[in-house]
Amino acid sequence: MPLYTDELVGAFVTPPIALPQLVPSRTCLQCDVCCRFPDPDSALRPYFTENEITRALTGGVKKTAFPNQRGSQVILAPEPHGDGYLCPAFDAANSTCRIYEQRPLDCQLYPLALMWDEPHDQVLLGWDTKCPFMREEIPREIQCHADRVMALLDQPGIRDQVVANPRLIGRFQEEVVVLAHLPCLTEAVAGQWGPAPLHRLTLDDIPRVTTALDQSGWCRTQSLAAYSPVYHYMWNGLLAYWCMELQGAFCLFAQSPDGWFMPLPPIGAGSIDAPLCDAMELLRRWNGDSPVSRVENVPSQLVPELERLGYRLTPKEPDYLYRATDLAALAGDRYKSQRALCNRFEREQSFEMDSYRVSDRQDCRALLADWSRQKRAEGLEAFGAILLTDAAPAHEVIWSQASALRVTGRIVTTHGRLCAYTFGYWLTSATFCVLLEVTDRTLPGLAQYLFRETCRTAMAEGAEYMNAMDDAGLPGLRASKQAYHPLMLIPNFVASPARES
Ligand code: SF4
C-alpha cells in the first residue's frame, strides 16, 4: 500500500482502507445505536490502529482519547445529557462521525464484526443484531456483503493490519450472528501471536480470575491489593488487558504505550515455573528485547523462587496496611490531628452519608473534575498530574460497573451537593481495600472524616485490616499514608528477565 505524507502531523501514514458499506447512510443517520455505548469499558468501542490514530488526530480527535498511540480502543467521553458514553469522534448534535472518511477499519466493518469463537481458537465473521437495519435486511444480501468483505480480509494489506492489531478481533458475543469461519486469518493470527488463544479481559473473566487467585493461595489478609480482579479491571478503559491460560495457570497481560507486561505473576494451583517461562517467551516475541517485559506485583514469598529462576527482582512502592481498629478509633496522641479534623468537619458541616448509586455518576464526575482542578491549583507534581489524567477513565469504570465488580461505594453530600465519594473492595473476609477516595478539598476535615467512616463501616462488617494501596511514589501521598501509622508496608517487587551480558 503506498504511503503519503500527512501535512498536519508530518508523518507517513497509509491511506484508509475502504470497505464496501451495506447500510445506507440515511438509515444510519436515523439510528441511535452506533457510536454510543452504555459503559465506559464497552467491548464494542472502536479500536484504532496506529495509522488510524494518526488520521483521527488530523481530524480533530484529541490525543488523550488514545491511551496507546501505537493502537488502542478509544477512550469514550461521557454523554453530556445522558447516562451513556460517546465515541469522541461522534458529533451528537447531528449524529455524524466527524472523521467519517477516515474512520477506522473497526467502524467500516460494522455491522459486521470480527470475533473469536467461544473456545477462542477460530476467527469468525458475524453481524451484530443490534443494528436495526441488519435485523430487517434479507439474509441473502447480508451474506453477499459478507462474501465481499471476506475476500478483502484475505488480501495481504487488510489481513496484515488485523494480524498486527489482534484487538480488532473481539470476544465471542451471542448477539453477533456467525456468518463464516475465517481459517486464513486464524492461521495468520496464530502465526504471529501463538496458537494459545489470547483474549481481552472482560467482566465475564472476573469469576475465573477470582478462582485462580483463590487457588494460588496468594490472596491473604496481608497480601497486596493487586491480588484482586477489580484492581486490574478498572484500568481496562485505559490500558488493554488480555488474558490466557498457559500450562494450567491464568496469565494476565497488559498492553501499555511502551509494550506488553504482566501485571501479576501467572496464577493458579501449580508451580509458576512452566507458565512463567511460556509467558516470558510471549513477551519476548511481542516486545523484542525491550526492558518493558516484566512481571509486576510480585509478592515477597515468590522472590526466592523467581531469583532461583534467574529473574532480577526490584522493589517498588509497597502497600500500606493498617489495623482497622486503629483507623476506626483514631485514639491517642498519634492520631490527634486526624481526630481534630474529623471533629471540625462534624462540627462545621451539615452533611449526609449514603451508599453510592449509579445515578450519582454525573455528580461524581463533576466532583472529580473539581478535585483535579483543586489538586493542580495546589501545585501538584508533574507525575501526579499525569496520574490524575490517567485515573479518570478508571473512575468511570468503577462508577458504572461497581456492583458487577463487587465494589462498594459511599458518598457524602452537603446541602444536597455531592462533596465526596469513596470505593473499596474486600480482598479477603478480613481485609478491606480502599480503592478510590475523592473529596472536596475546600471542606476541612472531610477527607479524614470519610476515611474514618469507611474504616468504621468495614470494621463493623468484619474487617481486621485496611489496605490503602501504595503511594505511587508521590511524597505528599506518602506523608499522609505514613501519618496514619501503618501496621506494616507490604513489600512489592517487579521481576525482570536477567539481561545477558
Ligand atoms: S470513529 Fe466515527 S464511526 Fe467510529 S465509533 Fe467513532 S464516531 Fe462512530
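Nothing in this text is a laboratory measurement; each read-out follows from the coordinates by a stated rule. Since we're looking at a predicted model, the values are computed, not measured. Methodologically, a virtual Cβ is constructed for each residue, glycine included, from the backbone with ideal geometry; neighbour enumeration extends over all protein chains shown.
Assorted remarks:
- Sorting the Cα pairs of the chain by distance into bins of 20 Å, from 0 upward, gives 21, 52, 25, 2 percent per bin.
- Charge dipole magnitude, Cβ of K and R +1, D and E -1 - the chain, Cα centre, debye nearest 20: 1220
- Counting 0.36 nm for each residue step from residue 210 to residue 101 and taking away their Cα separation leaves a gain of 34.9 nm.
- Placing a pseudo-label 7 Å from each Cα along the Cα-to-Cβ vector at residue 344 and residue 389 gives an inter-label distance of 3.3 nm.
- The stretch 469-500 and the stretch 50-115: distance between their alpha carbon centers, rounded to Å: 36
- Angle of helix 206-216 to the longest C-alpha principal axis of the chain, folded into 0 to 90 degrees and rounded to 10: 60°.
- Out of every Cα-Cα pair that the stretch 15-193 contains, those further apart than 29 angstrom amount to 16 percent.
- FRET E, pair residue 94, residue 494, Förster distance 51 Å, beta-carbon r, rounded to 0.05: 0.55
- Selected from 112, 436, 225, residue furthest toward positive end of dipole (the chain; charges at beta carbon): 436
- Per-residue Karplus couplings for the stretch 156-164, computed as 6.51 cos²θ - 1.76 cosθ + 1.60 with θ equal to phi - 60°, are listed in order as x, x, 6, 4, 4, 5, 5, 4, 6 Hz, Gly and Pro entered as x.
- Counting Lys and Arg as +1 and Asp and Glu as -1 over every other residue whose Cβ lies under 12 Å from the Cβ of residue 361, the net charge comes to -4.
- In this rough spin-label picture, where each label sits 7 Å from Cα along the Cβ direction, the residue 375-residue 83 distance is 2.8 nm.
- Since only 191, 166, 454 are under comparison, the one whose Cα sits farthest along the positive direction of the charge dipole of the chain, derived from C-beta charges on Lys, Arg, Asp and Glu, is 454.
- Legend: calculated FRET efficiency, residue 289 to residue 69, from the Cβ-Cβ distance at R0 = 25 Å, rounded to 0.05, equals 0.70.
- Flagged links, alpha-carbon separation over 26 Å, of 63/375; 375/481; 336/481; 62/481; 316/481: 62/481
- C-alpha center-to-center spacing [the stretch 228-272, the stretch 309-333] in angstrom: 23
- Selection from 142, 156, 259 lying farthest towards where the dipole of the stretch 134-263 points positive, charges on Cβ: 259
- Across the stretch 357-365, computed HN-Hα scalar couplings (Karplus, 6.51 cos²θ - 1.76 cosθ + 1.60, θ = phi - 60°) run 10, 4, 5, 7, 4, 4, 5, 5, 4 Hz from first to last residue, x flagging Gly and Pro.
- Computed over the stretch 320-493, Cα set: Rg, Dmax in Å: 15.5, 45
- In this simple spin-label model, placing a label point 7 Å from the Cα along the Cα-to-Cβ direction at both residue 483 and residue 42 gives a separation of 4.2 nm.
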